[in-house]
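Comments concern the structure below.
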Amino acid sequence: MPARLAILASGRGSNLQAILDAIQAGTLDARIAGVFSDKPDAPALQRVPEALRWARTPKSCGGRDAFDTVLADAVAACAPDWVVCVGYMRILGDAFVQRFAGKILNIHPSLLPRHKGLHTHQRALDAGDGEHGASLHFVNAELDGGAVIAQARVPVHAGDDADALAARVLAVEHPLLLEVLRLAASGRLAERDGHATLDGQPLFTPLPLQSPKA
Ligand code: GAR
């Protein structure tokens, strides 16, 4: 059975599109069970048929906690094997994280634990980093703090601005995401005692991105 993916996205949705393309091409054994957004006008939603779209705002639900509950119920209703955050720009509440513990993945545009949070590309430049990249990690209650599964690295070039660096990172995010989703979909990936495991063995360092292609 293809793995059922619940996708959480707030924005453009290029990572979602990479997933859709890989499913279409037959290189990822998964199906999209639903796309969930806190931004009703998120372009990501337009990438899937209407029946798969869900969008609410915290305001429309009567507050943050209520939103988290409504979101969690909607996600649970599509019975996902994995909850995948791709550019989901809201912190998931503790109740949500606990409900889907060990099943939530997030792609973050930095080499964690460096640059948790926002504006990662500018912060990498400001810090004078020679290398930057993206991380795929399990989500826990700490912001961008869960076990890192895999990372993709890119060089920082002299003269880069945040946009140039973001574009270089995005190009490696898509294959990184797909590589990890293939491991997840085939049942090889899990979280145990705060560690990511592959084939039952703890990963003490993040996997490097293997394939340069999405
Ligand atoms: C990606 O760069 C992703 O790493 C980042 O948002 C972008 C979404 O792009 N995520 C975060 O910053 C999460 N804190 P997309 O909408 O084109 O997939």
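Numbers below:
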quantity: Residue within segment 117-133 that is at pLDDT 95 or above, among the hydrophobic types (A, V, I, L, M, F, W, C) and either within 20 Å of ILE19 (Cβ to Cβ) or touching an Asp or Glu at 6+ places or on another chain (Cβ under 6 Å) (or both) present; calculated: no
quantity: Single unsatisfied condition, LEU8 versus (1) surrounded by 15 or more Cβ atoms within 10 Å (Cβ to Cβ); (2) within 13 Å of the ligand (Cβ to nearest atom); (3) over 21 Å from HIS108 (Cα atoms); calculated: (3)
quantity: Residue tally, condition in contact with a Phe, Trp or Tyr (Cβ under 9 Å, 6 or more places away or on another chain) and either more than 11 Å from TYR88 (Cβ to Cβ) or away from the ligand (no atom under 16 Å from the Cβ) (or both), over segment 11-36; calculated: 2
quantity: Identity of the residue in segment 98-134, more than 15 Å from the ligand (Cβ to nearest atom) and aliphatic (A, V, I, L, M), that ends up surrounded by the most Cβ atoms within 10 Å (Cβ to Cβ); calculated: LEU125
quantity: In segment 138-159, the residues that are in contact with a strand residue (DSSP E or B) (Cβ under 9 Å, 6 or more places away or on another chain) and either in contact (Cβ under 8 Å) with a residue 40 or more places away in the chain or of a type in the set (Asp, Glu) (or both); calculated: PHE138, VAL139, ASN140, ASP144, GLY146, ALA147, VAL148, ILE149, ALA150, GLN151, ALA152, ARG153
quantity: Of the criteria (1) touching a strand residue (DSSP E or B) at 6+ places or on another chain (Cβ under 9 Å); (2) modelled with pLDDT under 95; (3) among the hydrophobic types (A, V, I, L, M, F, W, C), which one LEU176 fails; calculated: (2)
quantity: Filter result for the condition that a residue is closer than 22 Å to HIS132 by Cα and at pLDDT below 95, over LEU170, LEU209; calculated: LEU209
quantity: Residue count, segment 171-191 (criterion: out of contact with any helix residue (DSSP H, G or I) (no Cβ under 6 Å at 6 or more places or on another chain) and closer than 19 Å to ALA3 by Cβ); calculated: 14
quantity: Residue that is surrounded by the fewest Cβ atoms within 10 Å (Cβ to Cβ) [pool: residues in segment 11-45 that are over 15 Å from GLY87 (Cα atoms) and of a type in the set (S, T, N, Q)]; calculated: GLN24
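The values are calculated or read from the model by the stated rules, or taken from the named source; none is laboratory data. Computed from a prediction, not measured in an experiment: that's the story for all the values here. Cβ: placed from backbone, ideal geometry, glycine included. Neighbour counts: every protein chain shown.
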